[in-house]
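Have a look at the structure below before the remarks.
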Amino acid sequence: MWKREPLSVLAVEPVGAYVLLRVRRGGVDPGRPGQFFMLAPPGHVLPRPMSLCLAPSGELAFLIDPVGPGTRALAALVPGECLTVLGPLGNGFCLHVERPVLVAGGVGVAPFPYLSEQLGGPPAILGFRSAHHAEAAELVPHAEVVIDPVLPTDVLPRNRDVFACGPEPFLWAVAAHAPEAQLAWEAPMACGYGACHGCAVEIGGAYRRLCIDGPVLQLAA
Amino acid sequence: MGSPPPTPGRGHLLNASGCLDALAAPHVARQLDAFVTKTVTPLPREGNEPVRIAETDVGMLNSIGLANPGIEAFMADVLPRLGELDVPVWVSVGGFAARDYADLCDLLDGRDDVAAIELNVSCPNVAPPENEVAEIVAAARAATTKPLYAKLSPALPDIAAAAASAAAAGADGLSLVNTVRGLALDSELQPVLSTTTGGLSGPALRPVALAAVHAAYPVVDLPIVGMGGIETGRHALEFLAAGASACALGTVLFRDPEAPARVRAELESEAAELRFKTPLAARGAAHRRDGEEPLLAVA
């Protein structure tokens, strides 16, 4: 069950082009890999959805790509400030697979450190737009890094249980190679718990609310 | 005042239509005195193409486009499950002509699990109904004996006249206000929303909504559900003072699903601090001057 709680910021650490926002866990459950949390940037009307990146003892950590006003406000938090967190939300990854491989595009790497830990460190293929962004690969063990114009799908092995996260075109490309892949989608989201219908993504000819139908969905399910 | 509110439900705190899915978050709905559904239309609607939401400096835009399963599936699948929540249910209905509203009201009229019907005649994200507000209210009135609330747009040129006209056509109450059309541009100066514009809600809407309630109160002798950017008990109290008999929470629910319980507690203490026996005793206070009797409704 999700919970909403103000949590104290412990650290905001640069990781290449991204930042790792670490907060005290408080009474919030870290949930399953692939589930997400709504983080409320100070001074903003809407919270922002972020999948959990790491769950060290007593902490929750989120990988933020500071590209817009909300994510920049999250990246500008300083230790000791308060961040209100709601979660865990949505459906995470199913971990009962035999030959996992993790495939990410850009900040889609965010849920993989936690997922990798839970799966015992499977191989990962991480695609980034620059070497600076690719520094985030240090968070994921056994990672093969590719940088534009090489794409993760160019080196994706066959006959693996694929976990993928990244922008929508990337997920469609992965699904073309691995129709049964578990895909973690992203979309603008106002609430995270089914209230707003803002996060609809067209999958299989119908709109799905990512917050309660996903964010992890299989096209071939 | 201080008597039970005239609005159908247990008290004076509701949600704004489209801002809560009671089946996805029943414990949030149970904090309310009545739950207002997302607008239901005659036929199913997938809703608008994404991107559907955008944040602005002091508000948000939405262009969901009345996504809903249609009245048939709603009545068969959704309404019975809402009935199990033990919260009075208001059904918001929408259409594209007065006939649609009449048909929807006719179908809902016999349902004991419907406490009231809200006529959404003001969605900024779909084509406007062909008929004027009064025609829609009159058509709905002829189709049902359920309490009928007309939800009006703050963009109407004369909200008081529209309120009076809805009342004359048979509305039992007013919901003030819906969102107002707005535009957000991205970093490349292109519209964020797929539909270009969307409905603005949140703090930016609050003074606009408050003015609408304040304008409607003296001209209609009806309950008014005030909504638009309410985030705190103080905000809710201001809507009551302007003339609302109940308040609805919208955008704040996205950020804070516990807002109903918090706002309710804040409202009680804010009202007490200003020496009102109950929050509802503050209804119309913004229309009174020192030494004057409360302004009576004149419609």
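Taken over the stretch B:69-100, residues that are within 17 Å of the chain's Cα centre (by Cα) and closer than 12 Å to B:ARG45 by Cα amount to 2. Checked against the criterion of being away from chain A (no Cβ under 14 Å) and farther than 25 Å from B:LYS277 by Cα, the candidates B:ALA150, B:ALA241 yield just one match: B:ALA150.
Annotation: of all residues in the stretch A:160-195 being facing chain B (nearest Cβ under 8 Å) and modelled with pLDDT under 95, the one that is farthest from B:THR179 (Cα to Cα) is A:ALA187. Of the helices (runs of 4 or more DSSP H) lying entirely inside the stretch B:15-129, not one contains at least 1 residues that are in contact with a His (Cβ under 7 Å, 6 or more places away or on another chain).
Looking at the stretch B:155-177, is at least one residue within 27 Å of A:CYS196 (Cβ to Cβ) and in a helix (DSSP H, G or I)? Lay out the reasoning, then the answer.
Kept after step one, since they are within 27 Å of A:CYS196 (Cβ to Cβ), are these residues of the stretch B:155-177: B:155-156, B:159, B:173-177.
Adding the requirement that they be in a helix (DSSP H, G or I) leaves B:159.
Yes; the residues of the stretch B:155-177 include at least one that is within 27 Å of A:CYS196 (Cβ to Cβ) and in a helix (DSSP H, G or I).
Going through A:GLU98, A:GLU5, A:GLU81 one at a time, which residue ends up being farther than 22 Å from B:ARG255 by Cα, surrounded by fewer than 22 Cβ atoms within 10 Å (Cβ to Cβ) and either in contact (Cβ under 8 Å) with a residue 12 or more places away in the chain or within 14 Å of another protein chain (Cβ to nearest Cβ) (or both)? Steps first, please.
Working: A:GLU5 fails: farther than 22 Å from B:ARG255 by Cα; A:GLU81 fails: farther than 22 Å from B:ARG255 by Cα.
The conditions single out A:GLU98.
Say we look at the stretch B:157-190 and pick out the residues that are under 12 Å from B:SER63 (Cα atoms) and within 14 Å of another protein chain (Cβ to nearest Cβ); which of these is surrounded by the most Cβ atoms within 10 Å (Cβ to Cβ)? Lay out the reasoning, then the answer.
Residues of the stretch B:157-190 that are under 12 Å from B:SER63 (Cα atoms), as a first pass: B:179-184.
With the extra rule that they be within 14 Å of another protein chain (Cβ to nearest Cβ), the set shrinks to B:179, B:182, B:184.
Numbers: B:THR179: 31, B:GLY182: 20, B:ALA184: 20.
Residue satisfying both the conditions and the ranking: B:THR179.
Conditions first: (1) of a type in the set (Asp, Glu); (2) assigned to a strand (DSSP E or B); (3) away from every other protein chain (no Cβ under 14 Å). A:ASP29 passes all but one, so which condition is the exception? Failed condition: (2).
Would you confirm whether any residue within the stretch B:30-47 is more than 9 Å from every other protein chain (Cβ to nearest Cβ), among the aromatic types (Phe, Trp, Tyr) and touching a helix residue (DSSP H, G or I) at 6+ places or on another chain (Cβ under 9 Å)?
Restricting attention to the stretch B:30-47, the residues satisfying the condition of being more than 9 Å from every other protein chain (Cβ to nearest Cβ) are B:30-37, B:39-45.
Imposing the further condition that a residue be among the aromatic types (Phe, Trp, Tyr) reduces the set to B:35.
Now restrict to residues that are touching a helix residue (DSSP H, G or I) at 6+ places or on another chain (Cβ under 9 Å): B:35.
So far as the stretch B:30-47 goes, yes, one or more of its residues are more than 9 Å from every other protein chain (Cβ to nearest Cβ), among the aromatic types (Phe, Trp, Tyr) and touching a helix residue (DSSP H, G or I) at 6+ places or on another chain (Cβ under 9 Å).
Scan the stretch B:111-127 and give yes if some residue there is surrounded by fewer than 24 Cβ atoms within 10 Å (Cβ to Cβ), away from chain A (no Cβ under 14 Å) and among the basic types (Lys, Arg), otherwise no. Yes - at least one qualifying residue is present in the stretch B:111-127.
For the stretch A:203-221, the tally of residues that are out of contact with any helix residue (DSSP H, G or I) (no Cβ under 7 Å at 6 or more places or on another chain) and either farther than 24 Å from B:LEU20 by Cβ or of a type in the set (Val, Ile, Thr) (or both) stands at 8.
Residues that are modelled with pLDDT of 95 or more, away from every other protein chain (no Cβ under 14 Å) and surrounded by fewer than 24 Cβ atoms within 10 Å (Cβ to Cβ): does the stretch A:32-43 have at least one? Within the stretch A:32-43 (the criterion being modelled with pLDDT of 95 or more, away from every other protein chain (no Cβ under 14 Å) and surrounded by fewer than 24 Cβ atoms within 10 Å (Cβ to Cβ)), the answer is yes, since at least one residue qualifies.
For first residues located in the stretch B:252-280 and away from chain A (no Cβ under 14 Å), partners that are of a type in the set (Phe, Trp, Tyr) and lie 6+ apart or on another chain with Cβ distances below 8 Å do not occur.
The values are calculated or read from the model by the stated rules, or taken from the named source; none is laboratory data. Model, not experiment: these values are computed from the prediction. Every residue, glycine among them, receives a Cβ derived from its backbone with ideal geometry; neighbour counts consider all protein chains shown.
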